[in-house]
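A short worksheet on the structure shown next.
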Amino acid sequence: MGNQKVNFKTEKDLQEAILQEKVKGISDLEIGQKYAVTFRYIERLITKTQGLNISTLKVSKKIRRLHPKDFKEEKTTVWSFKQRGNWATHSGEYRGNWSPYIPRNVILKYSKPGELVLDYFCGAGTTAVESKLLRRRCIALDINDKAIELAKKNVDFNMQSQELTLTSQNQKSHLEIYEPKLMVGDARDLLFIEDNSIDLICAHPPYANIIHYTDSKEGDLSFFDIDMFIKEMSKVARESFRVLKPGRQCAILIGDMRSKKHVIPLGFKLINVYLNAGFQLRELVIKRQHNCKTTGFWYANSIKYNFLLLAHEYLPIFEKPAISVPVSGRERTIDYGLLIPSLEKPLLKIKLDKLETTTVWILPEKDFEKHLNRNVIDRYSNGDGYSIISLITHSKDKIPFFDNEREKNKALLFIKSPFLDKNSLHLNIDLYLQKVKEIVNRQISTITSSGFIVIQTQDIRKDRYVEPLAKRLVDELTNDNLWLKEIVVVTQDRASSSLLDWGDHLKIVHQYLLIYELRK
């Protein structure tokens with residue numbers, strides 16, 4: 001705990017003083033400085049004494065409005081909310097709860113008034129509140145009885161008659177209001193719910209052993225390590241598949257973790273869990289975070305220690321396949337035997353004032369690739385040699401790349417697949433993955449120890465479902481010499497402003513950089 005600036009006879013006296021400060025609304029930073037305690041110490045004290053992990057002990061529930069101002073449904077795969085949302089009873093008191101903009105978008109897009117929404121990680125009741133506001137029925141459960149007590153307070157509000165017609169522009173007014181059904185329960189055991197009875201699942205699980213939501217309550221998934229978390233979430237996924245109606249959706253928000261300055265792809269691991277349970281991937285949304293500091297101390301350390309601040313989460317939207325699926329004609333595939341690696345020599349005339357320091361890179365639409373190349377090369381080549389290899393379809397304008405002794409001892413290999421953005425509808429995915437692996441395996445010996453391999457790729461849509469190529473590559477690249485350092489999401493600064501109507505689907509506007517460090 002360090003040397004205290006205020007002396008106490010006992011630990012209990014110290015804790016009582018901290019709790020009194022929290023009631024007054026004093027920030028954790030100020031409390032930490034005054035009493036020489038860590039944020040983690042304060043968090044555990046609150047969880048132990050209150051029974052749940054909240055940031056404040058006194059929150060005003062005065063309702064100023066029941067709906068967000070100027071709300072528009074998201075149309076692309078990058079969702080970015082600068083304000084978390086404070087309409088109705090929503091607040092940020094419950095640590096780690098998601099922005100109400102997320103369940104609002106999901107509920108409006110994938111359900112109708114009067115249908116039944118399930119949230120099996122209820123927390124403070126964000127999904128339940130949105131279900132009530134949007135006139136959906138809702139079942140919400142949480143393993144923590146104290147969380148359910150808080151959620152019941154949050155859903156206890158009246159809706160005025162003038163608010164009843166505020167709904168999606170694409171939906172007719174529905175006047176009936178449904179009070180959410182809240183209960184203590186375990187997401188791994190939904191036996192009280194009948195098979196094929198839920199219209200939509202919308203949930204935000206805890207992240208393995210990052211934020212603890214109880215004082216070590218039995219069954220609390222937030223205390224589990226990654227392997228056990230994934231094992232237990234497989235039970236949640238199987239129950240989800242059982243209770244969801246065929247043809248309906250299940251949306252889960254999850255983020256990555258970091259250990260030893262390298263990313264742990266928890267998001268991709270959880271996507272696999274739900275796919276293995278029988279779901280298809282309808283959409284893969286990127287939720288951008290806005291609380292990442294990128295100047296001063298953080299910028300200097302990002303450069304010095306070569307790490308990026310985690311600034312994104314994943315919102316996979318799964319779908320339970322319909323019982324009867326129309327038989328389509330045999331898929332036509334392009335002959336990607338002509339998919340060849342080509343050596344690129346990019347012009348790097350652009351100079352950057354600063355490098356990107358988070359895992360979300362929003363680059364100018366103009367000269368997008370030049371800004372991307374500059375960031376990758378300047379950060380990961382360390383001023384030493386590098387190669388850029390592009391996977392392309394057969395073209396007279398490109399020269400095939402062949403292994404060259406002169407290319408050895410380079411610090412960076414950058415693999416790009418520009419054709420994915422233009423002609424991926426009939427891509428032979430297995431062959432694409434194989435080609436990338438071949439390049440990596442053949443080139444790995446030419447890269448210096450602690451050098452980097454960066455792979456630029458993107459999700460693609462085939463028929464009504466998404467093929468998550470970044471996840472597929474992470475699954476495939478299992479070489480012991482490759483250590484996944486970063487997963488970066490890249491998009492253009494005007495991507496979210498597109499007014500095109502993509503029907504039932506979101507426009508895919510993001511790409512990925514998979515950044516591997518070599519350890520030999």
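If the chain linking THR10 and THR448 were pulled fully straight, counting 0.36 nm for each residue of separation and taking away their Cα-Cα distance, it would gain 152.2 nm. Given R0 = 60 Å, the distance between the Cβ atoms of ASN481 and VAL184 translates into a calculated FRET efficiency of 0.80.
Couplings for the stretch 187-203, taken from phi via the Karplus curve 6.51 cos²θ - 1.76 cosθ + 1.60 with θ = phi - 60°, read 4, 7, 9, 10, 4, 6, 9, 6, 4, 6, 10, 9, 8, 7, 10, 9, 8 Hz in order; Gly and Pro are left as x. Neighbour counts of C-beta atoms inside 10 Å place VAL243, VAL129, VAL184 in the sequence VAL184, VAL243, VAL129, starting with the fewest.
Rounded to 0.05, the FRET efficiency of the GLU30 and LYS62 pair, given R0 = 41 Å and the Cβ-Cβ distance, is 0.95.
Once the C-beta distance of MET159 and ASN196 is scaled by a Förster radius of 30 Å, the resulting FRET efficiency is 0.50 to the nearest 0.05. In this simple spin-label approximation, HIS290 and ASP70 carry label points 7 Å from Cα along the Cα→Cβ vector, and these lie 1.2 nm apart. Taken one residue at a time, the phi angles of the stretch 431-439 give Karplus couplings (6.51, -1.76, 1.60, θ = phi - 60°) of 5, 4, 4, 5, 4, 5, 4, 4, 4 Hz. Gly and Pro are set to x. Label separation (HIS262 vs LEU175): 6.2 nm, computed from points 7 Å beyond Cα along the C-beta direction. Filter LYS146/LYS181; LYS69/LYS132; LYS153/LYS245; LYS132/LYS245 down to the pairs with a C-alpha to C-alpha distance above 23 Å, please. Among LYS146/LYS181; LYS69/LYS132; LYS153/LYS245; LYS132/LYS245, the Cα-Cα distance tops 23 Å for LYS153/LYS245. For the listed residue pairs LYS75/LYS366; LYS82/LYS231; LYS109/LYS260; LYS304/LYS410, the alpha carbons are over 28 angstrom apart in LYS82/LYS231; LYS109/LYS260. The packing ranking of peptides 187-198, 302-313, highest mean first, is 302-313, 187-198, where packing means the average number of other beta carbon atoms within 10 angstrom of each residue.
Bear in mind these aren't lab numbers, they're just calculated from the coordinates by the rules spelled out. What you see is a predicted model; the values in this text were computed from it and never measured. Please note: Cβ atoms are built from the backbone with ideal geometry, for glycine as well, and neighbour counts cover all protein chains shown.
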